[in-house]
Structures are given as structure tokens and as C-alpha cells.
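Asker: The structure under discussion is supplied below as C-alpha cells; questions concerning it will follow.
The values are calculated or read from the model by the stated rules, or taken from the named source; none is laboratory data. Small disclaimer: the values here were computed from a predicted structure and weren't measured. Methodologically, a virtual Cβ is constructed for each residue, glycine included, from the backbone with ideal geometry; neighbour enumeration extends over all protein chains shown.
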Amino acid sequence: MAVYESLGYLEPGPVLEEAMDHFVSGLAAYRASDWERAMQRFAAALELRPEDGPSRMYIERCRHYREAPPPSDWGGGAAGAAIPLGAA
């Protein structure tokens, strides 16, 4: 599953690059079902970019999956309609 976020309106620079690195690391941990690590990385991205809706959404999903893990054949997507999609 690919994840896209429009960033063209943002000023490029080291802060944005660092936030993107945290997000990519968080997404890898999320896909590996490492909820704690994923939440740490997404939170680090939010510290740099508090308006980052995708990081906020993935933190909510990690919290959900930590309490109600997805099936063993889960492919990294949103498994079921009851998963919070964020208030970003």
C-alpha cells in the first residue's frame, strides 16, 4: 500500500526532511506491527510538524491495533471499518 501526502506547499529544509524520515521509519514499524516503535516515530514527526495529519492518524491506528491486533495475514492497511481514521 502506498501512502502519499502533498508536501509541495511546504518550505523544503532540514526540519521537513527530518520529519519525513521519522514518518518513513514509523510507517516501516507500523507495517511490521511494531506499534510502540511506530508511535514513537510518528510522535517525533509531530514534534517537528504538529499539523501532520497522517502521523496523527497512524498513531490512532497503532493504539487501536495495540489493543485489538489485526489478523496474522494483515497486509499493512486498515483492517476493518472500526479503525479510527483520525481527526486530522
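Asker: Look through segment 16-42, keep the residues that are at pLDDT 95 or above and among the basic types (K, R), and return whichever of them is nearest to S72 (Cα to Cα).
Answerer: R37
Asker: Looking only at segment 55-62, decide whether some residue is over 12 Å from the mean Cα position of the chain (by Cα) and at pLDDT 90 or above. Break it down stepwise before answering.
Answerer: We begin by selecting, within segment 55-62, every residue over 12 Å from the mean Cα position of the chain (by Cα); these are none.
No; the residues of segment 55-62 include none that is over 12 Å from the mean Cα position of the chain (by Cα) and at pLDDT 90 or above.
Asker: Pick from segment 44-69 the residues that are closer than 22 Å to E18 by Cα, among the hydrophobic types (A, V, I, L, M, F, W, C) and out of contact with any Asp or Glu (no Cβ under 9 Å at 6 or more places or on another chain): which of them is surrounded by the most Cβ atoms within 10 Å (Cβ to Cβ)?
Answerer: Going through the qualifying residues, I end up with I59.
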